[in-house]
Amino acid sequence: MRGWVGLVGMVLLAHFGSFHIVALEWQYFGVNAVPIMSAPIRSASLSEFWGQRWNLGFRQLAHDLIFRPLHRRLGTGGAGFLVFVVSGLIHDFVISFPAGAGYGLPTAYFVLQGAGVAVERSRAGKHLDLGRGLPGWLFTAVVTAGPAFWLFHPPFLRNVVLPFMHVIHAL
């Protein structure tokens, strides 16, 4: 529990605090820098969450380097799904490898996100309104937050987050 509280605090501080302040500083000097987060809690769909509200810096990079070069060959769904797979592999590299365990769980989390987007865009997903309104918001919350323990698995919390919190005297 201490690991989760510390992790949530660090994520909130970095993604919604420090990164936002850095964008404001750049704006002060005349650079059109936008914060990398755009009120993700307001997402009415999983597609909106990942494509327009969460980590816009990575979204742009992935769009330019993966999606755009491959979308004609793989189709929009295939190229989009590949972006989720690559994101999972990157997260495995920065989460599981430092933890020394939990390999594949972050990748599984992002594969689930890609599958969730496919379900949302499917005929059944459209029939259930998974891409808008309250059903879309609930679907997004369940798919992103529900399996978050795959992304930030216990070995990461135990072997990385808690020791980090100890070093910065947060425990």
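Each label was represented as a point 7 Å from its Cα along the Cα-to-Cβ direction; for residue 170 and residue 12 these points are 1.1 nm apart. Accessible surface area normalised per residue over the stretch 114-168 is 59 Å², counting heavy atoms of protein chains with a 1.4 Å rolling probe. Taking the accessible area of the stretch 1-146, probe 1.4 Å, and keeping the other protein chains in place, the carbon and sulfur fraction comes to 69%. To the nearest 0.05, what FRET efficiency results for residue 68 and residue 27 with a Förster distance of 35 Å applied to their C-beta separation? Approximately 0.80, to the nearest 0.05.
Each residue of the stretch 65-74 was assigned a 3J(HN,Hα) from its phi angle through the Karplus curve 6.51 cos²θ - 1.76 cosθ + 1.60 (θ = phi - 60°); the sequence is 8, 10, 5, 4, x, 10, 5, 5, 6, 9 Hz, with glycine and proline shown as x.
The values are calculated or read from the model by the stated rules, or taken from the named source; none is laboratory data. Nothing here was measured: the structure is a model prediction, and the numbers come from that model. Glycine gets a Cβ as well: all are built from the backbone with ideal geometry, and neighbour counts include every protein chain shown. Just the protein is used for accessible areas: all its heavy atoms, side chains included, with ligands, DNA and RNA removed. Shrake-Rupley method; radii C 1.70, N 1.55, O 1.52, S 1.80 Å.
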